[in-house]
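The values are calculated or read from the model by the stated rules, or taken from the named source; none is laboratory data. Worth saying up front: this structure is predicted, and the values here are computed from it rather than measured.
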């Protein structure tokens, strides 16, 4: 996935969609899902700790991605709200925290 340093427009008219592009980083213990915002890619990240706390999964290697699949709507809704409110990290990604779910 290509990182795009993108900010939503001030009007909030963002046109956010979520292609089925996602990955698990075993080193950082973070799942990344992709969002498309006005035809640009924005990376949306959620930590293993948040997945465990909010959705209660085990520590198997497959479980973070299974948790994302099972709770895709809630995760995408949280990412969409962050994007629409222009709550971006310095690198242009959004970080989904416990309070966002």
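Before moving on, here are some points about what is shown:
- Filter result (closer than 13 Å to residue 20 by Cα and over 10 Å from the mean Cα position of the chain (by Cα)) within segment 68-82: 69, 73
- Helices (runs of 4 or more DSSP H) lying entirely in segment 3-101 (those with 1 or more residues that are modelled with pLDDT of 95 or more): 72-84
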